[in-house]
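J.: My structure is below; once you've seen it, I'll send some questions.
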Amino acid sequence: MKTFITADQLIDGTGAAPLRNPVLELEGGRIRAVHNGSAGRPGPDAGELLEYPGATILPGLIDTHVHLNLPGTGPTLEEAMREGIEVMTATAMGSAAQALRAGITTVRDLGAFGTTSFAARRALDLGYGKGARIVACGAPITITGGHCWQMGGAADGIEGLRRKVRELCRDGADFIKVMGSGGGTVGTRSWKPSFTRDEMNAIVDEAHRNERRVTVHCLCGASISNAVAAGADQIEHANFLVDASGRQEYDPAVVDQIARAGIPVTTTLVVYVASVFHYRNKERLTPVEQAMVDKWCRRAEETLDYLDRMTRAGVRFVAGTDAGWRFTPFDALMLELEIMNKGSYATLDAITAATGDAADVIGAEDIGKLRPGHRADVLVVDGDPLADLDCLRDPLLILQDGQSQHITGRANLTPTAQAKPL
Ligand SMILES: [Zn+2]
């Protein structure tokens with residue numbers, strides 16, 4: 001049976017101006033057509049008609065950077081990894097469900113323990129439970145003792161790294177994630193590149209030989225340069241840390257390398273803000289906690305400033321939250337878009353960064369845009385998100401593959417997801 005959805009406007013996810021008085025036609029879990037309202041309303045025999053006056057239709061959202069088997073409720077990586085593979089797999093299912101309830105119909109997992117993200121992806125593909133569709137890399141490739149080494153992706157040397165890429169492909173990796181610098185893992189150095197240039201070149205070459213895209217976690221300028229020079233497809237975070245104190249120095253020459261290569265960068269702004277929210281909600285802060293608040297406030301401000309400067313320099317961004325990491329929940333994407341918008345990112349561009357552009361970057365050809373033949377991943381929200389992105393928190397309807405998902409509404413979002421930017 002066909003379904004027709006009407007609303008005041010439709011944002012198709014390509015970045016095009018909204019279509020007024022649209023009729024979206026769905027059949028068999030796919031989009032059949034996007035009609036201009038002037039074509040007239042479907043007749044009573046045409047199929048099911050869902051009318052949403054005052055509302056906006058848009059594609060289901062895509063979060064391009066999550067960690068499904070971290071809970072996003074506070075535990076450190078080290079704490080979460082101690083729980084074992086069964087708990088981490090179960091956590092991944094819960095995380096995917098939390099995302100879907102908020103209208104995020106696809107997530108890209110950027111690093112999980114062993115094969116847990118493949119297992120969750122398989123369970124959802126089988127229809128065992130509900131959750132955001134999962135695009136997964138398995139364990140991120142890292143140096144011995146490097147960022148997220150506990151996930152099982154450590155390898156060294158050109159031969160070892162080529163073998164690791166091949167193992168991940170064998171086990172079901174949709175793409176390859178590389179930890180190009182240290183990160184939040186205890187004992188790693190965020191301000192230094194992890195791999196030698198030859199090692200990074202070998203990872204990217206082997207991934208491309210296996211027809212997998214590569215995205216690289218980069219918290220320092222040298223790691224970005226290495227990734228760009230190796231021909232990586234995407235950069236995560238793109239921070240510019242220079243030493244152990246957390247100090248950053250924006251590097252226009254490195255930004256120019258990203259822009260000239262045309263490599264997109266994932267934003268992950270909300271991960272810093274979520275940490276600030278957490279500590280600010282506490283009654284009394286210890287000096288150590290106060291120092292954390294100061295550090296994350298500074299990082300949030302700097303990163304937003306860098307987003308503006310990099311955008312002006314010609315770098316393209318896609319939206320990602322780093323959900324799972326510490327205090328970042330899986331329904332925080334709307335807040336991520338609001339933070340982008342608070343910077344220089346236009347409202348429509350922010351939506352495109354979480355729909356059409358996100359789909360392009362992760363290599364998903366049939367989601368993210370409301371086009372004939374695409375999967376019927378559809379949101380209907382109350383109001384006009386171009387006037388105020390807040391209405392993305394009010395989905396009236398969430399469809400994934402044309403299937404209606406249970407709607408729980410804004411009151412069921414986590415406090416972080418309901419919060420406003422700093
Ligand atoms: Zn991450």
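J.: Take the residues in region 367-409 that are among the small types (Gly, Ala, Ser) and surrounded by 19 or more Cβ atoms within 10 Å (Cβ to Cβ); name whichever of them is nearest to residue 346 (Cα to Cα).
T.: Ranking the qualifying residues of region 367-409, first place goes to 368.
J.: From 175, 195, 113, which residue is closer than 27 Å to residue 414 by Cβ, of a type in the set (Phe, Trp, Tyr) and modelled with pLDDT of 95 or more?
T.: Testing whether each residue is closer than 27 Å to residue 414 by Cβ, of a type in the set (Phe, Trp, Tyr) and modelled with pLDDT of 95 or more leaves just 113.
J.: Under 6 Å by Cβ, and 6 or more places apart or on different chains, what pairs join a residue from region 315-327 that is within 8 Å of residue 64 (Cα to Cα) with one that is more than 14 Å from the ligand (Cβ to nearest atom) and in a loop (DSSP other than H, G, I, E, B)?
T.: 318/264; 319/354
J.: Given the conditions (1) in a loop (DSSP other than H, G, I, E, B); (2) buried (at least 23 other Cβ atoms within 10 Å of the Cβ), which single one is not true for residue 128?
T.: So residue 128 meets the others, but not (2).
J.: Then there is this: Got a number for residues in region 382-407 being without any contact (Cβ under 8 Å) to a residue 12 or more places away in the chain and charged (D, E, K, R)?
T.: Summing the residues that are without any contact (Cβ under 8 Å) to a residue 12 or more places away in the chain and charged (D, E, K, R) in region 382-407 gives 1.
J.: How many of the residues in region 194-231 are over 23 Å from residue 299 (Cβ atoms), within 23 Å of the chain's Cα centre (by Cα) and assigned to a loop (DSSP other than H, G, I, E, B)?
T.: Within region 194-231, residues that are over 23 Å from residue 299 (Cβ atoms), within 23 Å of the chain's Cα centre (by Cα) and assigned to a loop (DSSP other than H, G, I, E, B) number 4.
J.: Here's another thing I want to ask about it. May I ask you to list pairs of residues, at least six apart or on different chains, whose Cβ atoms are under 6 Å apart, with the first in region 43-61 being in a loop (DSSP other than H, G, I, E, B) and the second being of a type in the set (Lys, Arg)?
T.: As it stands, the answer is 47/2, since those pairs meet every condition given.
J.: Could you list, in sequence order, all residues of region 232-244 that are more than 22 Å from residue 342 (Cα to Cα) and either touching a Lys or Arg at 6+ places or on another chain (Cβ under 9 Å) or part of a helix (DSSP H, G or I) (or both)?
T.: If the condition is that a residue be more than 22 Å from residue 342 (Cα to Cα) and either touching a Lys or Arg at 6+ places or on another chain (Cβ under 9 Å) or part of a helix (DSSP H, G or I) (or both), then 232, 233, 234, 241, 244 are the ones that fit.
J.: Residue 249 - would you say it is of a type in the set (Asp, Glu), within 16 Å of the ligand (Cβ to nearest atom) and within 30 Å of residue 312 (Cβ to Cβ)?
T.: no
J.: Another one. How do the helices (runs of 4 or more DSSP H) wholly within region 270-359 filter down when requiring 1 or more residues that are within 16 Å of the ligand (Cβ to nearest atom) and in contact with a helix residue (DSSP H, G or I) (Cβ under 7 Å, 6 or more places away or on another chain): which remain?
T.: Result: 270-280, 287-312, 333-342.
The values are calculated or read from the model by the stated rules, or taken from the named source; none is laboratory data. Small disclaimer: the values here were computed from a predicted structure and weren't measured. Here the Cβ is made from the backbone with ideal geometry for all residues, glycine too, and neighbour counts use every protein chain on show.
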